Ligand code: CAA
């Protein structure tokens with residue numbers, strides 16, 4: 001479905017993504033424990049909105065509409081009704097139309113789609129936010145909250161860590177079908193941490209991950225699932241992080257870009273979009289991400305390009321195997337051979353298709369409602385040369401995002417074209 005009006009990303013901001021393993025994250029062993037606390041949802045959202053307004057120079061009064069992606073604020077911080085929370089970040093937003101969108105970890109992607117729809121309908125400036133605070137609960141309790149993204153009555157009992165277990169099931173099926181080695185899977189975590197180590201906003205900016213650690217089972221990288229059938233297939237390093245954070249960007253029509261006093265060359269265009277949803281009640285082939293395939297091929301077709309035209313991608317590596325399977329869903333590698341793309345260096349920062357340059361969900365972090373907003377903002381920042389130590393050193397014309405909610409259930413994909 002082609003957009004009736006063109007839509008552009010004009011700028012935005014991320015907070016730092018914080019959680020266990022980040023030097024500024026307050027936990028009981030931290031030197032500042034008791035003296036200060038981690039930022040709340042209000043503070044996190046406020047910082048990212050203020051950052052976006054400063055980055056774009058937009059007059060907040062001129063914003064037509066506001067959307068926010070968030071999964072389970074009610075459970076982690078006892079806060080729902082986040083459309084009104086977003087309006088509360090600036091006096092000039094008072095009375096404007098605003099709404100929250102939810103599709104588990106694709107909540108941010110859905111908020112972007114809502115922004116595109118309203119631009120197509122005539123709006124010129126739309127602020128899109130994503131936020132999640134998750135560190136208020138232990139990973140085990142949070143595992144129960146996040147299990148609401150699965151089919152709770154059927155899948156909750158698989159393990160306390162429901163999502164890690166669902167993806168352990170995929171690793172098991174894939175390894176049994178194709179013989180993927182621990183080392184080949186470990187490389188995905190090594191890339192994620194190496195990229196995050198260059199990114200000052202990343203959750204894992206200061207944590208090192210070697211292939212020796214990620215490619216084997218050891219004290220620092222244990223199997224941790226209680227489910228005996230799934231335990232041997234997933235290591236700690238295969239998992240995305242439990243992070244707090246927010247990302248906010250400003251979408252504009254061509255008229256909106258002019259209102260900002262900017263030229264199209266300052267922007268990137270969302271030139272294609274794909275949105276696919278599969279039933280919550282049944283599961284498909286565990287060795288493939290068929291909904292990711294539908295959404296990404298939809299975005300590429302919408303933009304009139306092929307996967308081989310891409311110069312950069314941000315994909316949903318909620319677990320290492322998901323990045324590998326997304327390569328195959330995109331048709332970049334035949335089934336069973338996705339790991340070769342990384343082994344050959346092609347998706348590294350200096351490869352011909354760098355993927356998850358700031359660290360992805362494993363390294364940058366995964367505040368679930370923010371991830372789908374973070375991804376297109378990262379493509380914008382890369383295309384405009386703003387990524388500092390993790391800047392890709394070649395021209396970037398076409399990018400793609402893939403944001404997945406649940407176990408391949410709701411997927412939002414965007415094809416993004418640099419404007420120059
Ligand atoms: N040996 C054996 N077991 C160990 C261990 C060791 N050395 N260290 C830890 N464990 C076990 C313990 O059982 C521990 O639990 P308890 O402390 O409650 O007994 C468990 O592993 C977890 O340990 P921690 O709580 O210390 O681990 P952590 O806080 O560092 O968290 C993690 C690690 C569990 C992997 C956590 O990062 C995690 O849950 N990540 C995944 C987050 C997630 O699922 N996000 C959603 C992705 S899915 C998606 O994107 C789609 C969607 O819509 C949801």
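What's the number of the condition residue 417 fails, among (1) closer than 30 Å to residue 151 by Cβ; (2) surrounded by fewer than 24 Cβ atoms within 10 Å (Cβ to Cβ)?
All conditions are met except number (1).
Which of (1) assigned to a helix (DSSP H, G or I); (2) crowded, with 24+ Cβ neighbours inside 10 Å does residue 403 not meet, given it meets every other one?
(1)
Say we look at segment 163-178 and pick out the residues that are touching a residue at least 60 places away in the same chain (Cβ under 8 Å) and more than 16 Å from the ligand (Cβ to nearest atom); which of these is surrounded by the most Cβ atoms within 10 Å (Cβ to Cβ)? Full working, then the answer.
The initial filter retains those residues of segment 163-178 that are touching a residue at least 60 places away in the same chain (Cβ under 8 Å), namely 163-174, 177-178.
Pick out the ones that are also more than 16 Å from the ligand (Cβ to nearest atom) and you get 172-174, 177-178.
On the way: 172: 18, 173: 16, 174: 24, 177: 14, 178: 15.
Taking the candidates together, the pick is 174.
Across segment 194-224, what is the total count of residues that are assigned to a helix (DSSP H, G or I) and crowded, with 24+ Cβ neighbours inside 10 Å? Outline the logic, then answer.
Restricting attention to segment 194-224, the residues satisfying the condition of being assigned to a helix (DSSP H, G or I) are 194-196, 211-214.
Filter once more, keeping what is crowded, with 24+ Cβ neighbours inside 10 Å: 195-196, 214.
Final tally of qualifying residues: 3.
Would you check if there is a residue in segment 130-146 being over 24 Å from residue 82 (Cα atoms) and either within 12 Å of the ligand (Cβ to nearest atom) or out of contact with any strand residue (DSSP E or B) (no Cβ under 7 Å at 6 or more places or on another chain) (or both)?
Quick first cut of segment 130-146, residues over 24 Å from residue 82 (Cα atoms) only: 140.
Still in the list and also either within 12 Å of the ligand (Cβ to nearest atom) or out of contact with any strand residue (DSSP E or B) (no Cβ under 7 Å at 6 or more places or on another chain) (or both): 140.
Taking every residue of segment 130-146 in turn, at least one turns out to be over 24 Å from residue 82 (Cα atoms) and either within 12 Å of the ligand (Cβ to nearest atom) or out of contact with any strand residue (DSSP E or B) (no Cβ under 7 Å at 6 or more places or on another chain) (or both).
Among the residues of segment 272-306 satisfying the criterion of being without any contact (Cβ under 8 Å) to a residue 40 or more places away in the chain and not in a loop (DSSP other than H, G, I, E, B), which is nearest to residue 170 (Cα to Cα)?
The residue in question is 293.
For every residue, the table says whether it meets (1) assigned to a strand (DSSP E or B); (2) touching a strand residue (DSSP E or B) at 6+ places or on another chain (Cβ under 6 Å); (3) closer than 19 Å to residue 6 by Cα.
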site	(1), (2), (3)
44	no, yes, no
47	no, no, no
75	no, no, no
84	no, no, no
89	no, no, no
100	yes, yes, no
110	no, yes, yes
117	no, no, yes
123	no, yes, yes
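Go through 78, 38 for me and flag whichever is out of contact with any helix residue (DSSP H, G or I) (no Cβ under 8 Å at 6 or more places or on another chain), within 16 Å of the ligand (Cβ to nearest atom), at pLDDT 95 or above and over 17 Å from residue 108 (Cα atoms).
On the way: 78 fails: within 16 Å of the ligand (Cβ to nearest atom).
Residue meeting the stated conditions: 38.
Here's the yes/no breakdown for (1) surrounded by fewer than 18 Cβ atoms within 10 Å (Cβ to Cβ); (2) at pLDDT below 95:
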| position | (1), (2) |
| --- | --- |
| 4 | yes, yes |
| 15 | no, no |
| 19 | no, no |
| 47 | no, no |
| 50 | yes, no |
| 53 | no, no |
| 66 | no, no |
| 86 | no, no |
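Quick grid of which residues meet (1) away from the ligand (no atom under 16 Å from the Cβ); (2) modelled with pLDDT of 95 or more; (3) part of a strand (DSSP E or B):
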| residue | (1), (2), (3) |
| --- | --- |
| 375 | no, yes, no |
| 385 | yes, yes, no |
| 399 | yes, yes, yes |
| 411 | no, yes, yes |
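The values are calculated or read from the model by the stated rules, or taken from the named source; none is laboratory data. Values in this document were obtained by computation on a predicted structure and should not be read as measured data. So basically every Cβ, Gly included, is an ideal-geometry build from the backbone, and we count neighbours across all protein chains shown.
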